[in-house]
Amino acid sequence: MKFLAFSTSLALTLSFSPSLALPAGSSDAGEWKTPGEGDDRGPCPMLNTLANHGYLPRNGRGISKDMAIKALDEVLNWDVTVVSDLYDFAQPTNPEPNATTINLKELTTHNILEHDASLSRQDSQFGPADVFNEKIWNETVAHFTGDTINVDMATKARTDRTVAAAATNALFTFPQLGMNFQYGETAAYQFVFGEWNLDSEDVKSRILTPKTYIEYFFKNERLPIELGWKKPVNRLVMDTLQAFTISMMELAQSQMEEKA
């Protein structure tokens, strides 16, 4: 179950917003900038976003574990229990002997953090899996039928993307860890951008997420501060992430049974 817990996949403004604390990424942390020539980016929209804002190194390289823990704590209110194991899992993507940092570009290594059936990237079988793909994203957004994304919509988008990828990619692979990752990623963007109501009896309404935040984030790799988003008040810890991810997987199973 530990993999479920850290399957968050780091797994999500023109000027600095004072609502966000300043981790030691760059001297102008908070200001959004387009990646410069030679800057690395990878398959994870949230890590790319944090680099674009300067909360992680803007060149996307030399990201230490302490740096990642600090950035996700101070910007997203994610606990070390969520971040630490995921970082350790990503570490082997750095090919340097005895490496103690990660680089965003190398996270594209297939079937470690990067995997088939991304919500916003094409499978590596068809080309670069580390850049936003409009066609894939439009297929995802088609499931978001209102201004607010509920858990049912988010789960259907996740499941149907997997089914579509498996049907079109002859080399499609999805080990159990990948299965855990895909729902963890979907849980993660809801925890970052949605309103929590985790005690609701109806799983579909336990997090309600503004569609505008999600589209802005995925398309621009930018925090939707100018749309009204603020750092989450609730702290995300491993147990909360694990429980919500499991509830999403159970919902997905019931959705598939209804189709059968």
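Of all residues in the stretch 116-161, those satisfying the criterion of being surrounded by fewer than 21 Cβ atoms within 10 Å (Cβ to Cβ), over 28 Å from L104 (Cβ atoms) and aliphatic (A, V, I, L, M) are A142, M153.
Pairs are defined by a Cβ separation below 6 Å, a sequence spacing of at least 6 or placement on different chains, a first member in the stretch 47-62 that is buried (at least 24 other Cβ atoms within 10 Å of the Cβ), and a second member that is of a type in the set (V, I, T); the pairs so defined are Y55/V75; L56/I63.
The residue pairs whose first member lies in the stretch 72-101 and is on the phi < 0 side of the Ramachandran plot and among the small types (G, A, S), whose second member is assigned to a loop (DSSP other than H, G, I, E, B) and modelled with pLDDT under 90, and whose beta carbons are closer than 9 Å, counting only pairs six or more residues apart or on different chains, are S84/F6; A90/L10; A90/I112; A90/L113. Of the residues that sit in the stretch 44-74 and are of a type in the set (A, V, I, L, M, F, W, C) and touching a Pro at 6+ places or on another chain (Cβ under 7 Å), which one is nearest to L223 (Cα to Cα)? Top of the filtered list is A51.
Taking the residues in the stretch 211-249 that are farther than 23 Å from L86 by Cβ and over 15 Å from the mean Cα position of the chain (by Cα) as candidates, determine which candidate is surrounded by the fewest Cβ atoms within 10 Å (Cβ to Cβ). Among those that are farther than 23 Å from L86 by Cβ and over 15 Å from the mean Cα position of the chain (by Cα), it is G228.
Here is a check on your reading of the model: is V192 surrounded by 20 or more Cβ atoms within 10 Å (Cβ to Cβ), within 16 Å of the chain's Cα centre (by Cα) and β-branched (V, I, T)? It is true that V192 is surrounded by 20 or more Cβ atoms within 10 Å (Cβ to Cβ), within 16 Å of the chain's Cα centre (by Cα) and β-branched (V, I, T).
Taken as a whole, the condition of being part of a helix (DSSP H, G or I), over 14 Å from the mean Cα position of the chain (by Cα) and either of a type outside the set (V, I, T) or at pLDDT 95 or above (or both) does not apply to D40. Consider the stretch 89-107 and keep the residues that are hydrophobic (A, V, I, L, M, F, W, C) and out of contact with any Lys or Arg (no Cβ under 6 Å at 6 or more places or on another chain). The one that is modelled with the highest pLDDT is I102.
The values are calculated or read from the model by the stated rules, or taken from the named source; none is laboratory data. Only a predicted model underlies this, so the values are computations on that prediction, with no experimental measurement involved. All Cβ positions, even for glycine, are placed from backbone atoms using ideal geometry, and neighbour counts span all protein chains on display.
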